[in-house]
1. Residue check, residue 220 against (1) more than 19 Å from the chain's Cα centre (by Cα); (2) within 10 Å of the ligand (Cβ to nearest atom), all met but one. Which one?
2. Restricting to the range 316-352, count the residues that are hydroxyl-bearing (Ser, Thr, Tyr) and within 8 Å of the ligand (Cβ to nearest atom).
3. When you look at residue 276, is it crowded, with 17+ Cβ neighbours inside 10 Å and more than 30 Å from residue 455 (Cβ to Cβ), yes or no?
4. For a quick check of your reading: which helices (runs of 4 or more DSSP H) sit entirely within the range 292-344 and have at least 3 residues that are under 17 Å from the mean Cα position of the chain (by Cα)?
5. Quick one: which helices (runs of 4 or more DSSP H) lie wholly within the range 365-455 and hold at least 1 residues that are open to solvent by less than 30 Å² (accessible area, probe 1.4 Å), modelled with pLDDT of 95 or more and within 21 Å of residue 340 (Cβ to Cβ)?
6. In the range 138-185, how many are open to solvent by less than 50 Å² (accessible area, probe 1.4 Å), of a type in the set (A, V, I, L, M, F, W, C) and free of Cβ contacts under 8 Å to residues at least 60 places away in the same chain?
7. Is it true that some residue in the range 101-114 is touching a Ser or Thr at 6+ places or on another chain (Cβ under 8 Å), open to solvent by less than 20 Å² (accessible area, probe 1.4 Å) and either more than 18 Å from residue 10 (Cβ to Cβ) or touching a residue at least 24 places away in the same chain (Cβ under 8 Å) (or both)?
8. Only one of 266, 291 is of a type in the set (S, T, N, Q) and either outside the structural domain of residue 144 (by TED's automatic domain parsing) or crowded, with 18+ Cβ neighbours inside 10 Å (or both). Can you tell me which?
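The values are calculated or read from the model by the stated rules, or taken from the named source; none is laboratory data. Please read all numbers here as calculations on a predicted model, not as lab measurements. All Cβ positions, glycine included, derive from the backbone under ideal geometry; neighbour counts span all protein chains shown. Note: areas computed on protein heavy atoms with side chains; ligands, DNA, RNA excluded. Shrake-Rupley method; radii C 1.70, N 1.55, O 1.52, S 1.80 Å.
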Amino acid sequence: MSTTVVLFTRDLRLDDHPALAAALAEATTVVPLFVLDRTILASRYAAPNRVGHLLEALADLRGGLRDRGGDLLIRQGDPADEVAAVCATTGANRVRLSADHSAYARRRLRHLREALRGSGVEVAEHPGVTVVAPGDLRPSGGADHFRVFTPYWRRWETAARRTPVPAPEHVKLADGLDAGDLPAWDDLVGGSRSPGVQTGGESAARQRLRAWLEHDGILDYDDTRDQLDAQTSRLSADLHFGCLSATVVEAGLDRRRRGHDAFVRQLCWREFNTQVLAANPSLPRRDLRSQGDTWDHDEEAFAAWKDGQTGIPVIDAGMRQLQAEGWMHNRVRLLTASFLAKHLYVDWRLGAWHFMDWLVDGDLANNFAQWQWAAGTGTDSRPNRVFNPVAQARRYDPDGAYVHRHVPELAHLEAPVIHAPWEHGDGLFAVDLGYPQPIVDLAEARDRFLTARGR
Ligand SMILES: Cc1cc2nc3c(=O)[nH]c(=O)nc-3n(C[C@H](O)[C@H](O)[C@H](O)COP(=O)(O)OP(=O)(O)OC[C@H]3O[C@@H](n4cnc5c(N)ncnc54)[C@H](O)[C@@H]3O)c2cc1C
């Protein structure tokens, strides 16, 4: 008789879960466990949108396990202590979990090993968070990770893939365990959730994946994904919480269909960023490539940016979408980040953490690597490029549909006026529309930034 504990972290699914499959293959009873980590809950990382999503995902996972004769144990506290306590209660001799790559995840694993040292309980890590594990691909020349996307993509595309493992049919739980209750999100964190935030959990994620694979949008993905009003997959939070396996998402795509390569390339960006974080644990705090910036701490400008009141319609539309949906279109993330770090010359870390306050897909690797890219302190080979938000909006939102949707004050204006109303009004538009004048002159702000960067 043997018992294995499966510690779920951000792999909240039954389908293609190598740690769970290995536990079921070896043990008489399996104890699926999730610990609501008090350190994370006390940190800024625990944003209401993500905590809400997490609890929905846990409820769904618990439902799936119960349907199969098992359950999900919920504990709250320090993961190492809680796992050690469950091992002691159940007599488990092994803990299995998915490997994760942030500094915090690695510290958690270290503490877990320390807490179990001498108890005879073995800890084993499994793949499952990425298609290709960080560290599996290394550039020739001895560097420990790829700093440039395209060479990584070429190697990643042809790297070996794991065969996905199906969801189990039965899960036999150890007897007499107190499963524990799932709290409500507002018992865990303060603040508010976005009204339009998507539902979390493997069931909802699988529906989204099905809809996306059947949706014609994927055929035109390469041409349309940059259009601000285009439908993209919206799978980012599902991948972040592991409600979908990235391996399964990729395997489900039809290579012969249009859109395949462009979409897989975006999945690869997620993996590229993960290996950047794995090799640079301080990515959320420290410039990857310092440009010697002395950032401008203009509180008023920063507040206007956060509130979607900069007077630049596409920027305001994006920042309002972020708060309304806990999500923002990729190109608008890029434009809003670049505008803050370059036109306003505000420290990218402040912007990145504001994103983390709202994004349901908020992810240490993707968010901070992309922010550094946008600020020119990261992996962009042209660190001083400055996107013109008006030109970008005219190109990617030619009929103004995106701005119409998120900035109702401007809803009666037609494109292209809507993207730069100040160019067309008589100076009174701000009063007339109840919409602010631009907080910066874009050309002057660009010049100021380039001067600051010594260009
Ligand atoms: C400043 C900034 C911050 C970002 N923060 C995050 C974040 O916290 N979490 C996050 O998941 N993504 C982040 N991204 C990447 C990207 O914007 C989102 O992944 C994407 O918009 C999610 O929508 P989707 O699922 O419909 O994407 P799709 O276009 O359908 O793409 C499919 C999947 O590919 C991955 N992906 C797509 N684009 C990127 C990208 N540029 N970088 C990394 N992975 C990508 C995501 O997992 C996404 O779900 C950020 C981008 C920028 C510019």
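1. (2) is the only condition that residue 220 fails.
2. 1
3. No: the conditions fail for residue 276.
4. Qualifying helices (runs of 4 or more DSSP H): 313-325, 330-338.
5. The qualifying helices (runs of 4 or more DSSP H) are 389-396, 401-406, 442-452.
6. Going through the range 138-185 one residue at a time, the tally reaches 2.
7. Yes, the conditions are met somewhere in the range 101-114.
8. 291
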